[in-house]
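For reference, the structure discussed in these notes is given below.
The values are calculated or read from the model by the stated rules, or taken from the named source; none is laboratory data. Values in this document were obtained by computation on a predicted structure and should not be read as measured data. Here the Cβ positions follow ideal geometry from the backbone for every residue, glycine too, while neighbour counts run over all protein chains shown.
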Amino acid sequence: MSEPLPIAVLVSGTGTNLQALLDTVHGREAKIVAVASSAAGVAALDRAAARDVPTRVFARGDFESRAARDETMAAWLEQRGARLVVLAGYMELLGDSFLERFPAGVINVHPSLLPAFPGLGAIEQALAYGVKVFGVTVHFVDGGVDTGPVILQRALELPDAREPTEVLAALRPLEHALLPQVVRLFADGALAPDPGNPRRMLIDPQAHVVGEG
Ligand code: GAR
């Protein structure tokens, strides 16, 4: 088996997606070498510490600008050897200079079927619209808000949902399956842009994880 892929995970809150990564791919296909948080005192930091993963807080207010925050955070992640950056409930925007530092990739999990309902409050936006099918997207991050190429998506019919908490609880298992699955595909080198449409990610049909989860 090849060496685990060194990855960094960026968080802002509860960290259940980080936990899913710690419980599945960490120490196997990937090694989480750093967890960076936009906020102090969040549960995600405790989850990382419980597995002896180095953590740091990069709060926007502690820096002169977002660019300065991005620069310091990118330098730490590079120093830790991260090749892939995973946004797992990271609620801040990253500038182009950060993205350029990680050309192999930055991926994000988002609780809607993109391009519907990008940005903050995706589940609230979907409920307000009145949709009956919800879902989860894992995508590469580009300079826009949740606009990068889609890697995997999964939909869930919830025709009677009324409360964001109810939808989030139903989407959680999908997120926790899809995000590790994408990390495995990435580590396997199984993701490539479609030459005919670079926004469309092709998944190597030989990859052993396709269809799992
Ligand atoms: C997840 O539902 C994730 O999809 C969402 O934040 C939650 C974080 O939960 N991300 C976004 O909305 C990004 N725009 P977690 O901290 O328990 O992983």
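For every residue, the table says whether it meets (1) touching a strand residue (DSSP E or B) at 6+ places or on another chain (Cβ under 8 Å); (2) buried (at least 19 other Cβ atoms within 10 Å of the Cβ).
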{"residue": "Ile7", "(1), (2)": "yes, yes"}
{"residue": "Thr14", "(1), (2)": "no, no"}
{"residue": "Leu18", "(1), (2)": "yes, yes"}
{"residue": "Leu21", "(1), (2)": "yes, yes"}
{"residue": "Arg28", "(1), (2)": "no, no"}
{"residue": "Ile32", "(1), (2)": "yes, yes"}
{"residue": "Arg51", "(1), (2)": "yes, no"}
{"residue": "Arg56", "(1), (2)": "yes, no"}
{"residue": "Phe63", "(1), (2)": "no, no"}
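For Trp76, the conditions (1) outside any loop (DSSP other than H, G, I, E, B); (2) under 17 Å from the mean Cα position of the chain (by Cα) are fulfilled apart from (2). No other residue among Leu120, Leu114 is within 15 Å of the chain's Cα centre (by Cα) and crowded, with 16+ Cβ neighbours inside 10 Å apart from Leu114.
Checking each residue in the range 79-99 for being on the phi < 0 side of the Ramachandran plot, surrounded by fewer than 21 Cβ atoms within 10 Å (Cβ to Cβ), outside any helix (DSSP H, G or I) and among the small types (Gly, Ala, Ser) picks out only Gly95.
For the range 46-65, the tally of residues that are in a helix (DSSP H, G or I) and under 20 Å from Ile107 (Cβ atoms) stands at 2. Listed by position, the strands (runs of 3 or more DSSP E) inside the range 110-205 whose residues that are within 11 Å of the ligand (Cβ to nearest atom) number at least 3 are 133-140.
Which one is farthest from Gln181 (Cα to Cα), of the residues in the range 34-44 that are surrounded by 23 or more Cβ atoms within 10 Å (Cβ to Cβ) and away from the ligand (no atom under 11 Å from the Cβ)? Selected residue: Ala36.
Checked against (1) away from the ligand (no atom under 13 Å from the Cβ); (2) in contact with a Gly (Cβ under 7 Å, 6 or more places away or on another chain); (3) of a type outside the set (D, E, K, R), His26 passes all but condition (2).
Let's see how each residue does on (1) modelled with pLDDT of 95 or more; (2) more than 16 Å from the ligand (Cβ to nearest atom); (3) under 16 Å from Leu179 (Cβ atoms):
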{"position": "Leu21", "(1), (2), (3)": "yes, no, yes"}
{"position": "Asp46", "(1), (2), (3)": "yes, no, no"}
{"position": "Arg51", "(1), (2), (3)": "yes, no, no"}
{"position": "Thr55", "(1), (2), (3)": "yes, no, no"}
{"position": "Ala59", "(1), (2), (3)": "yes, yes, no"}
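Within the range 94-122, residues that are over 15 Å from Gly143 (Cβ atoms) sit with their Cβ atoms under 6 Å from residues that are basic (Lys, Arg) and away from the ligand (no atom under 12 Å from the Cβ), at 6+ positions apart or across chains, in these pairs: Ala104/Arg83. Test Glu124 against the criterion of being charged (D, E, K, R), modelled with pLDDT of 95 or more and under 22 Å from Arg172 (Cα atoms), and give yes or no. When the stated conditions are applied, Glu124 passes them. If you go through the range 1-19 and keep only what is within 15 Å of the ligand (Cβ to nearest atom) and hydroxyl-bearing (Ser, Thr, Tyr), you end up with Ser12, Thr14, Thr16.
Being over 19 Å from Asn108 (Cα atoms) and part of a loop (DSSP other than H, G, I, E, B) is the requirement here; does Gly41 meet it?
Values: over 19 Å from Asn108 (Cα atoms): yes; part of a loop (DSSP other than H, G, I, E, B): yes.
Yes: the conditions hold for Gly41.
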